[in-house]
1. Which FRET efficiency value, to the nearest 0.05, is calculated for Ser21 and Thr238 with the Förster distance at 22 angstrom and r the Cβ-Cβ distance?
2. In segment 311-330, which residues have a backbone nitrogen under 15 Å from the label point lying 7 Å from Ala384's Cα in the Cα-to-Cβ direction?
3. Under 27 Å Cα to Cα from Lys315, which lysines show up? Leave out anything in the same chain fewer than 8 places away.
4. How tilted is helix 87-98 with respect to the longest principal axis of the chain? Cα atoms for both, answer in degrees (0 to 90, nearest 10).
5. If packing is taken as the average number of other Cβ atoms within 10 Å across a peptide's residues, how do 364-371, 113-120, 98-105 rank, most packed first?
6. If I take all pairs of Cα atoms in the chain, what percentage of them are more than 38 Å from each other?
7. Can you tell me the relative contact order of the chain? Whole percent, Cα pairs under 8 Å, sequence separation 6 or more.
8. Could you calculate, for segment 260-390, the ratio of the Cα radius of gyration to the Kirkwood radius, expressed as Rg to Rh?
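Nothing in this text is a laboratory measurement; each read-out follows from the coordinates by a stated rule. Keep in mind the model is a prediction, meaning the values are calculated, not measured. Positions of Cβ are generated from backbone atoms using ideal geometry, with glycine treated the same way; all protein chains shown enter the neighbour counts.
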Amino acid sequence: MSGQPNYRPETLAVRAGQERSPFGEHSEALYLTSSFVFENAAQAARRFSGEEEGHVYARFTNPTVTLFEERLAALEGAEDCVATASGMAAIMGLCLAHLQQGDHIVASNSLFGATVQLFSNILPRTGITTTFVAQTDPAAWATAIRPETKLFFVETPSNPLTEIADIARLAEIAHARGILLAVDNSFCTSALQRPLELGADLVACSATKYLDGQGRVLGGAVCGSKTLIEEIFKYLRTAGSTLSAFNAWVLLKGLETLKIRLEAQAANAVRLATWLAEQPQVARVFYPGLASHPQHELARRQQRSGGAIVSFEVKGGRAEAWTVVDHCRLLSITGNLGDTKTTITHPATTTHGRLTPEARAAAGIDESLLRVAVGLEAVEDLQADLERGLALIGG
């Protein structure tokens with residue numbers, strides 16, 4: 001596929017990263033092995049040293065994982081990709097490969113809760129510090145830069161409020177000071193947004209979400225230039241936060257339907273968001289596809305649609321929000337997202353529950369907030385499920 005750069009994303013999703021064994025299988029092969037056999041001692045030495053290409057040990061080389069990496073890189077428009085055991089492993093690898101003691105990160109204060117924990121509590125143990133700034137204020141990013149700043153990190157749309165960062169503007173600010181820009185693209189994926197085309201240096205994602213799309217396996221990945229990805233691969237080879245061959249195989253099949261699924265889920269999401277905005281018990285809806293969203297025009301320029309995540313605040317607080325959750329019979333009450341099955345969660349006590357009250361307030365996560373990751377069910381059935389709880393909290 002590397003010799004066919006003009007293939008469209010729909011074709012790349014099912015054909016890129018396709019390498020057949022001598023058996024000539026049509027579906028991608030699943031290679032379940034811990035190690036690989038060499039023809040002789042000299043070849044083993046060449047493989048281990050990197051002088052000769054080929055697979056060595058499944059902690060850092062596996063044919064099925066390589067196929068997934070090649071396909072995802074093609075979809076993101078990247079030169080290279082490295083796959084990891086989870087989305088958080090991808091972010092950890094990105095940071096530890098490109099930062100060292102004394103370095104500084106500028107990051108959005110609207111990141112996923114586990115990412116905030118990583119930047120606030122884990123990386124400081126290695127001497128890497130972070131300043132959190134407003135996702136949507138480029139001037140704040142520029143002001144936060146220090147001489148030791150080496151990385152901008154942003155998740156757009158943000159979790160759970162779907163705030164949109166101006167990727168091109170942040171890239172301009174970062175690159176003027178020799179700083180890398182990394183974008184967490186989990187909410188949109190390459191189907192709806194290609195950050196590298198907007199100036200980002202690295203794209204991270206939780207493959208657990210939409211790349212799988214059916215809640216089956218964990219996985220993560222980072223895409224970018226060969227030079228930048230090579231450093232992450234060196235880290236992975238030693239650290240071992242590796243994507244398993246089986247999970248890579250599942251994710252490969254997920255990529256084949258990624259665009260179709262996300263387009264359908266986004267179409268459902270805009271309908272659900274519009275309906276929620278009309279409900280008297282709902283105080284506010286957060287969805288980039290609605291004209292009421294503060295960054296609606298930016299989302300229109302930067303994304304192919306508003307995506308499939310809809311968050312909303314009910315009138316009241318935690319008790320009212322939990323009433324809606326507890327009366328769902330169709331929506332799955334879980335913290336995961338990106339599934340064909342619609343999920344609902346209360347971020348303040350689940351995905352962002354480990355944050356301090358002050359950090360949650362800075363991120364705009366209120367006790368009345370609910371996040372719905374819209375799936376492929378009939379929208380009318382989703383509305384009826386949410387209406388059951390909404391009817392009990394009054395308007």
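1. So the FRET efficiency works out to roughly 0.15.
2. Zone members listed by number: 328-330.
3. Result set, ordered by chain and number: Lys341.
4. Between helix and principal axis, roughly 60 degrees.
5. The most tightly packed comes first, giving 364-371, 113-120, 98-105.
6. 20
7. So the answer I get is 17 percent.
8. That ratio equals 0.94.
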